[in-house]
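See below for the structure under consideration.
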Amino acid sequence: MLNRFKNIFRKHSGIEIADTLDSMGYFQYADPSDVELLKQEISNAYEAWGMISSIHALENGIHYPKDYRLYSLDNEALFEQGGYHKYLAEIEPTTKKLNISIYVEDELEEYSPTNGITHSLSINGVKYRIFEQFRDFSRAGTIAAKKFIEIINNVLVLQQSHEKVYPIGSGTSGQLIFLTPEQFRFIYAVYPDNDNKPLPLKEWARKHGIR
């Protein structure tokens with residue numbers, strides 16, 4: 001399989017990359033009528049910018065990617081009050097496709113000038129601490145994104161999903177993507193720009209100066 005990855009990387013063909021992702025089940029959740037357009041989008045974005053891309057639709061007030069994989073994740077909006085609920089709702093089209101249950105309860109969001117930010121919640125009975133008297137607001141969005149990725153991946157593991165989520169970029173232009181291990185290894189190998197491709201969470205965190 002490594003030779004297969006090297007061959008595709010050498011050719012730099014967007015069409016071959018789209019076809020390989022298709023063979024790996026990348027478009028398995030998409031409506032069959034959308035697959036060719038999604039493959040063309042993958043091909044064009046790779047050849048033009050070396051980036052992964054999708055086509056989005058609007059349903060019931062929610063924008064979602066037609067491949068059910070690539071989502072916006074504005075790190076700053078995620079950090080704001082209600083941000084976790086917003087993005088849990090936004091990825092719901094995919095969690096439904098994966099038959100993943102996400103039930104949120106016991107959420108606590110508190111702020112004071114003295115004690116900073118405290119934020120915790122429970123998902124499916126598991127409690128997660130996001131911030132505990134946190135005051136370093138310059139890094140808050142990045143840390144909120146890292147915690148969000150960790151939480152979603154733990155939810156996926158606990159429900160025995162073969163998919164994981166990976167971060168792409170940061171700040172207001174951050175994204176996350178649902179991938180199988182095989183799909184991730186392939187994309188990581190053939191996409192050239194570390195700023196615009198999914199990274200392992202530890203690598204992403206180091207790149208953005210957090211632990």
#### Entry: For the chain, the fraction of alpha-carbon pairs in successive 10 Å shells from zero, as %
8, 33, 35, 17, 6, 1
### Message
Suppose we take every Cα in the stretch 120-211 and form the convex hull; what volume per residue is that in Å³?
### Response
93 Å³
#### Entry: For residue 57, distant residues with modelled amide H under 5 Å away
64, 66
### Message
Between residue 59 and residue 40, what is 0.36 nm times their sequence separation minus the Cα-Cα distance? Round to one decimal in nm.
### Response
4.6 nm
## Note on the structure
Binned at 5 Å from zero, the C-alpha pair distances of the stretch 63-151 give percents of 3, 13, 24, 25, 18, 10, 5, 2, 0
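Computed from the coordinates by the stated procedures, all read-outs in this text should not be read as laboratory data. Model, not experiment: these values are computed from the prediction.
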